[in-house]
1. Is there a residue in the range 225-237 that is at pLDDT 95 or above, open to solvent by less than 10 Å² (accessible area, probe 1.4 Å) and farther than 25 Å from PRO51 by Cβ?
2. Across the range 240-258, which residue is surrounded by the most Cβ atoms within 10 Å (Cβ to Cβ) among those that are at pLDDT 95 or above and among the small types (Gly, Ala, Ser)?
3. Can you go through ILE405, ILE493, ILE471 and tell me which one is surrounded by 24 or more Cβ atoms within 10 Å (Cβ to Cβ) and at pLDDT below 95?
4. Between residues in the range 41-55 that are assigned to a loop (DSSP other than H, G, I, E, B) and residues that are open to solvent by less than 30 Å² (accessible area, probe 1.4 Å) and of a type in the set (A, V, I, L, M, F, W, C), which pairs lie under 7 Å by C-beta distance while being six or more apart or on different chains?
5. I need the full set of residues from the range 503-523 which are among the polar types (S, T, N, Q) and under 22 Å from GLN420 (Cβ atoms), in order please.
6. How many of the residues in the range 157-172 are open to solvent by 10 Å² or more (accessible area, probe 1.4 Å) and either part of a helix (DSSP H, G or I) or aliphatic (A, V, I, L, M) (or both)?
7. Mind checking which pairs have a first residue in the range 81-98 that is charged (D, E, K, R) and a second that is modelled with pLDDT of 90 or more and assigned to a loop (DSSP other than H, G, I, E, B), Cβ under 9 Å, 6 or more apart or different chains?
8. Take the residues in the range 312-371 that are open to solvent by 10 Å² or more (accessible area, probe 1.4 Å) and of a type in the set (Ser, Thr, Tyr), then tell me which one is farthest from HIS148 (Cα to Cα).
Amino acid sequence: EERSCLGAFTWRREGKPDRSGWILAMSSGLLLALAFPRFNFEYFAWIGLVPLLLAIRQATPLGAFWLGGVTGSVFYLLTLRWLVHTMVVYGHLPLPLSLLLLLFLVAYLSLYVALFAYLYRWGTLIIPAWSLLLAPALWTTLEWGRGHLLTGFPWANLAYAQFLTLPVIQIADITGIYGITFVLVFVNTGLAELGEALLSGGRHQPASALLFRVAGLSLLPGLVLGYGWWQINHYTTRQEQIFPALRVALLQGNIGQEEKWDAARQGEIFRVYAGMTRQAAAQDPPPDLIIWPEAATPFTFQEDREYTGRLLSLVREVGRFVVLGSPAVERRSAQVRWLNSAFLLSPQGGVVSRYDKIHLVPFGEYVPLRSLLFFVDPMVEGGMFSPGDTYRVMEIPQGRFAVFICYEAIFPHLVRRFVQNGARFLVNLTNDAWFGRSDAPYQHRAMVTLRAVENRVPVVRTANTGISALIDPLGRIRQETDIFVRTILTGSIAPSPYPLTFYTRHGDLFAYTVMGISASLLLSLWYRFRFRRVTFFS
């Protein structure tokens with residue numbers, strides 16, 4: 001038997017993970033994966049971490065690290081398995097190399113779960129009274145870090161599993177997605193500790209501690225649900241009558257990724273979108289705004305004189321405002337910059353405004369560390385793209401709006417800047433053809449719904465192959481399309497009359513507060529431990 005030197009807890013070397021510990025860790029990874037689209041067993045997010053937490057509390061800290069790594073590996077392998085299809089079909093990489101790259105990414109992402117498990121286990125040894133607060137604080141802090149480090153990859157953050165549970169996600173207008181994550185991990189931790197107490201017959205927990213956990217498990221989710229129901233009722237009773245409706249038509253052209261830049265298909269692709277534009281404009285009542293998806297034009301707008309002229313003539317013919325995605329080129333003396341852009345065209349056939357995508361996809365639109373990775377080419381046709389630098393807000397008579405493009409939808413701190421600048425509704429242009437018939441289009445759509453809630457503005461999503469959707473400020477998906485169908489989605493939205501939300505004005509203040517709590521708890525842990533003989537790697 002080995003004593004922790006704190007006089008309050010002992011464990012055995014044999015307490016390192018056994019078979020049951022590994023099974024519990026894998027179970028957590030599976031449950032969390034099933035909580036996300038397309039499975040949508042969203043209630044699993046409330047219990048998915050319980051098996052891991054129970055296993056952690058029976059392991060050494062180093063054992064907990066490996067258990068967390070197993071949970072993360074199972075979760076991310078299941079959630080991101082679609083990346084292999086993208087790399088093989090569009091990156092033209094051999095299958096073995098694609099699998100290896102997926103494993104590298106999964107290993108990196110799993111480190112965050114492993115680090116959570118390691119730090120949480122040490123916290124339960126040294127400051128057990130604070131474990132109920134430590135776990136959600138640590139998980140939230142690490143999730144925020146994953147969304148920012150190395151350009152950030154906040155895909156499949158825990159909160160997105162709740163996108164269909166409207167009362168739960170309404171707190172995002174205050175806390176962002178990190179408040180939802182905090183509550184989910186808080187409940188998982190409380191259930192794990194209650195389960196451990198019941199299994200041990202209450203020998204290791206005083207009655208007052210158990211009562212505190214029961215009260216916390218009731219109070220915090222209750223407050224979240226109460227706020228959510230209040231917001232839903234508040235919106236339903238008065239919101240949609242304040243501002244006049246804006247009618248939009250979303251063109252889902254369903255052009256295969258392998259066809260988009262085939263010169264032989266250029267004329268046919270243009271005819272598809274031209275025909276859909278005329279069909280949309282002929283509806284009664286006609287739309288105020290017709291929206292093409294990301295990179296919809298099979299040519300470089302403004303550079304190709306023939307097709308640019310035909311497009312502007314089409315817009316004048318239908319007499320509607322049109323938003324479309326197209327590559328743009330900036331030529332400055334010897335320098336040429338390619339941009340992934342969105343253009344707003346007026347009914348008179350002029351360019352009103354342009355937005356250049358700010359957050360590009362690593363290895364998709366550009367290659368990071370290009371001098372070292374000189375042998376790697378980006379997957380998007382047209383070469384290396386450059387990022388834009390302006391959070392542009394566009395305007396039509398019915399209201400001000402902003403466009404964000406594809407990958408940018410997963411970055412809440414980026415999207416809120418558009419609403420800060422005056423956008424009263426948001427337009428998301430995307431091309432999810434990269435993902436094939438996988439879970440990824442559904443996961444991507446789930447993340448967009450939270451952007452609506454955070455900022456209390458409607459979001460219009462136009463996707464080349466789907467899912468196109470109309471999303472209201474509560475995150476309700478009012479209308480949506482299936483994937484890989486050619487269709488026009490027409491509907492009405494109301495530009496938001498809400499004042500700026502707390503989240504829009506202050507951003508990730510909640511996350512920063514939680515990070516401060518995590519830092520304080522870890523400093524307390526370190527202070528209590530600094531003169532001990534047992535290392536952090538026991």
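1. Yes, because at least one residue in the range 225-237 is at pLDDT 95 or above, open to solvent by less than 10 Å² (accessible area, probe 1.4 Å) and farther than 25 Å from PRO51 by Cβ.
2. That would be ALA249.
3. Details: ILE405 fails: at pLDDT below 95; ILE471 fails: at pLDDT below 95.
One residue alone meets the criteria, ILE493.
4. Pairs found: PHE41/ALA35; GLY48/LEU32; GLY48/ALA35; LEU49/VAL185.
5. THR504, THR513
6. Kept after step one, since they are open to solvent by 10 Å² or more (accessible area, probe 1.4 Å), are these residues of the range 157-172: 164-167, 171.
Filter again for either part of a helix (DSSP H, G or I) or aliphatic (A, V, I, L, M) (or both), leaving 164, 166-167, 171.
Here the count works out to 4.
7. Final answer for the pair search is ARG81/SER438; ARG81/ASP439.
8. Top of the filtered list is SER313.
The values are calculated or read from the model by the stated rules, or taken from the named source; none is laboratory data. All of these numbers come straight from a predicted model, not from anything done at the bench. Heads up, the Cβs are rebuilt from the backbone with ideal geometry, glycines too, and the neighbour counts pull from every protein chain shown. Ligands, DNA and RNA are stripped out before the accessible areas are found, and what is left, the full protein with its side chains, is counted by its heavy atoms. Shrake-Rupley method; radii C 1.70, N 1.55, O 1.52, S 1.80 Å.
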